[in-house]
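Undergrad: Would you mind keeping the following structure in view while I ask a few things?
The values are calculated or read from the model by the stated rules, or taken from the named source; none is laboratory data. Quantities reported herein were computed from a predicted structural model and do not represent experimental measurements. All Cβ positions, even for glycine, are placed from backbone atoms using ideal geometry, and neighbour counts span all protein chains on display.
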Amino acid sequence: VYLILQATILSIITLFMIVGNFIVIVVVNRSEQLQNATGIFMANLAVTDLTLGVILMPITIASSILGRWIFSDIMCKFCGFLNVMLCSTSALTVMLLSIDRFIAISRPMQYIKIMSKKRALVLSTYMWIHSAIVSTFPLLGWAKYEYVEAEAVCFAIESVSYFNFLCASTVFLAIFLIIITHIYILKVAIKQSQQIVTLTPGFEDVTRETMRQMNRKTAKTVLIIVGVYLACWIPYISLTYVQIYANYVPPPIAITITSGLIFVNSASNPIIYGTFHRRFRNAF
């Protein structure tokens with residue numbers, strides 16, 4: 001029953017992952033409004049998450065149903081490499097979207113010059129190369145890719161130093177910059193809304209209410225973007241570190257849930273950025 005439930009949940013996540021990210025790619029490709037750096041980052045994120053959903057998730061679901069790894073050792077290494085590379089690229093691309101939004105708000109007049117399409121393509125390409133290099137080390141002997149039954153995936157194990165390096169160079173870096181940029185975005189948005197004044201008598205109450213609505217909307221958007229990202233990544237990272245440094249053996253269900261949240265993040269990205277990005281909503 002547990003294996004069937006796990007496979008069912010993973011199948012639902014995969015469906016959202018494939019459909020949502022495919023829609024993002026189509027919308028970005030057809031929209032003139034998104035033929036810019038933001039559109040490139042959104043498309044890159046969607047391609048990353050779609051690849052995860054199309055290639056890796058079916059194998060994960062099959063392993064979950066059978067309760068074991070049925071493919072070759074070489075296939076496990078390939079899937080482990082792909083798992084680390086795609087999840088790392090996804091996390092780093094969310095970071096790029098945060099930096100992109102930060103520049104758009106902090107340097108609106110210089111934004112197009114700073115974040116050109118060419119620079120966005122270079123940054124996106126670098127994130128793929130960076131993630132691929134990071135994912136190659138277990139193939140060279142620093143850690144090794146093996147099947148983790150509770151996660152139903154192949155992942156890098158048996159090296160605390162590699163896990164620390166992996167987190168520091170991808171997830172922790174992304175989390176740090178996402179939090180910092182969104183704190184600044186929130187401060188600027190609130191400050192700008194408070195600077196709105198009206199010279200027309202009788203409209204002061206309306207203006208104040210508009211300001212309050214803008215503040216609430218900005219705060220809500222920032223909290224959701226940052227909150228969902230942290231909620232999807234922190235549990236797995238925390239549980240893994242508890243296992244490593246406290247010699248704690250968590251129940252399989254805890255590992256399954258926390259690792260599954262990372263896949264949820266890839267499925268939720270189209271919903272988050274599709275809902276809260278104005279240009280994407282208009283294009284859609």
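Undergrad: Give segment 44-81 a look and list any residue that's of a type in the set (S, T, N, Q) and within 27 Å of Val26 (Cβ to Cβ), or say none.
TA: Asn44, Thr48, Thr51, Thr60
Undergrad: Being touching a strand residue (DSSP E or B) at 6+ places or on another chain (Cβ under 6 Å), without any contact (Cβ under 8 Å) to a residue 60 or more places away in the chain and of a type outside the set (Gly, Ala, Ser): is that true of Ile157 here?
TA: So Ile157 passes the test.
Undergrad: So which residues in segment 92-134 are polar (S, T, N, Q), modelled with pLDDT of 90 or more and within 17 Å of the chain's Cα centre (by Cα)?
TA: Thr93, Ser124, Thr125, Ser131
For every residue, the table says whether it meets (1) under 18 Å from Leu261 (Cα atoms); (2) among the acidic types (Asp, Glu); (3) out of contact with any Leu (no Cβ under 7 Å at 6 or more places or on another chain).
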{"site": "Ile9", "(1), (2), (3)": "yes, no, yes"}
{"site": "Leu34", "(1), (2), (3)": "no, no, yes"}
{"site": "Thr60", "(1), (2), (3)": "yes, no, no"}
{"site": "Ser64", "(1), (2), (3)": "yes, no, no"}
{"site": "Ile70", "(1), (2), (3)": "no, no, yes"}
{"site": "Leu96", "(1), (2), (3)": "no, no, no"}
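Undergrad: Still on this structure, I have one more. When the residues of segment 135-185 are filtered to those that are in contact with an Asp or Glu (Cβ under 8 Å, 6 or more places away or on another chain), assigned to a strand (DSSP E or B) and of a type in the set (A, V, I, L, M, F, W, C), which remaining residue is nearest to Leu66 (Cα to Cα)? Before the answer, list the steps.
TA: Here is the first cut: in segment 135-185, the ones in contact with an Asp or Glu (Cβ under 8 Å, 6 or more places away or on another chain) are 143-144, 146, 154-155, 157-158.
This time we only want the ones that are assigned to a strand (DSSP E or B), so: 144, 146, 154-155, 157.
Subset that is of a type in the set (A, V, I, L, M, F, W, C): 154-155, 157.
Details: Cys154: 15, Phe155: 18, Ile157: 22 Å.
Applying the filter and picking the extreme gives Cys154.
Undergrad: Then there's this: Considering each of Asn215, Asn269, Asn265 in turn, give the residue that is in a helix (DSSP H, G or I), under 11 Å from the mean Cα position of the chain (by Cα) and modelled with pLDDT under 85.
TA: Only one candidate qualifies: Asn269.
Undergrad: Any idea which residue in segment 138-197 is nearest to Ser106 (Cα to Cα), counting only those that are among the charged types (D, E, K, R) and surrounded by 14 or more Cβ atoms within 10 Å (Cβ to Cβ)?
TA: Filtering first and then ranking leaves Glu151.
Undergrad: Further, regarding this structure: Are any residues in segment 64-112 charged (D, E, K, R) and either loosely packed, with under 14 Cβ neighbours inside 10 Å or part of a loop (DSSP other than H, G, I, E, B) (or both), and if so, which ones?
TA: Arg68, Asp73, Arg107, listed by residue number.
Undergrad: Here is a check on your reading of the model: is Tyr248 over 20 Å from Tyr2 (Cβ atoms) and in a loop (DSSP other than H, G, I, E, B)?
TA: The answer is yes for Tyr248.
Undergrad: Check segment 89-103 and report whether any residue there is under 30 Å from Leu186 (Cα atoms) and without any contact (Cβ under 8 Å) to a residue 40 or more places away in the chain. Steps first, please.
TA: In the first step, residues of segment 89-103 are kept if they are under 30 Å from Leu186 (Cα atoms); the result is 89-103.
Pick out the ones that are also without any contact (Cβ under 8 Å) to a residue 40 or more places away in the chain and you get 103.
Yes, the conditions are met somewhere in segment 89-103.
Undergrad: Return yes or no: is Leu45 closer than 16 Å to Ala120 by Cα, among the hydrophobic types (A, V, I, L, M, F, W, C) and not in a helix (DSSP H, G or I)?
TA: It is false that Leu45 is closer than 16 Å to Ala120 by Cα, among the hydrophobic types (A, V, I, L, M, F, W, C) and not in a helix (DSSP H, G or I).
Undergrad: Whether any residue in segment 42-52 is among the aliphatic types (A, V, I, L, M), touching a residue at least 40 places away in the same chain (Cβ under 8 Å) and surrounded by fewer than 23 Cβ atoms within 10 Å (Cβ to Cβ) is what I want to check.
TA: No, every residue in segment 42-52 fails to be among the aliphatic types (A, V, I, L, M), touching a residue at least 40 places away in the same chain (Cβ under 8 Å) and surrounded by fewer than 23 Cβ atoms within 10 Å (Cβ to Cβ).
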